[in-house]
Amino acid sequence: PFTIRTGNITTTVLGTSFNIHAYQESEEIKISVFTGRVKVENTVNNTAQNDSDVVYLNPGRKATYPKGKDQLIVSSFDINEEMAWKDGIIYFKEASESDVIQKLASWYGVEINVENESPEDWGLTASFDNQSLDEVLESLGHTAKFEHRIVDKKVTIRYLNTIK
């Protein structure tokens, strides 16, 4: 077995395939198991104090650790959503505007700035298969009614109608 430490979370791999989503700008850490088994520990106090500090994950299960809350939440997950990145697919399921922007910024290695507020709440479910950032933003812009500009590694989004 080997151990991966991400912030206050320690994941011990016990022979498996899995995914860890632990970006600094993300509000949570997620560990998803596809095959095998992993042990996930909350080490915020450098020791597992009770049963909720240690979970064992089997295939199809994931542990979520909301940053700032000392608990692990275990649930099932959509394998298409979790594994899509391996095939170059960006997958969104009922994603908020901030989730979409964060994922696109990380995926394409860009900084995304939004000039004004979206007139609507997002709940985006979509996938983009090996498309350029410009193509993805063009598609999203039709749905969310915004225009975008890409200059080097900086993207600017401006909503066309911000009256709610």
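The values are calculated or read from the model by the stated rules, or taken from the named source; none is laboratory data. On a predicted model such as this, the values are computed, not experimentally measured, just so you know. Keep in mind that these areas ignore ligands, DNA and RNA; they rest on the heavy atoms of the full protein, side chains included. Shrake-Rupley method; radii C 1.70, N 1.55, O 1.52, S 1.80 Å.
Numbers at a glance
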| item | result |
| --- | --- |
| Diffusion coefficient, µm² s⁻¹, Stokes-Einstein with Kirkwood Rh over alpha-carbon pairs of segment 12-125 at 25 °C and 0.890 mPa s | 156 µm²/s |
| Scaled radius of gyration (Cα, divided by 2.2 N^0.38 Å) that segment 49-106 gives | 1.36 |
| Heavy-atom surface of segment 50-100, accessible at 1.4 Å and reported per residue (Å²) | 57 Å² |
| Segment 30-112 - percent of accessible surface contributed by carbon and sulfur, probe 1.4 Å | 44 percent |
| Set of aspartates and glutamates with alpha-carbon distance to K39 below 13 Å, sequence-local pairs under 8 removed | D51, D53 |
| Principal-axis tilt of helix 133-144 within the chain, Cα atoms, nearest 10 degrees | 80 degrees |
| Segment 97-142: Rg to Rh, with Rh as the Kirkwood radius over Cα pairs | 0.92 |
| Nearest-ten-degree value, helix 97-108 long axis tilted from longest Cα axis of the chain | 80 degrees |
| Semi-axes of the equivalent ellipsoid for segment 76-164, Cα gyration tensor, largest first, Å | 22, 16, 10 |
| Restraint check, K103/K154; K30/K69; K62/K103; K62/K153, Cα-Cα greater than 23 Å | K62/K153 |
| Structure-based [θ]222 nm, the chain - -39500 (n - 2.57) summed over DSSP H runs of at least 4, per residue, nearest 500 | -5000 deg cm²/dmol |
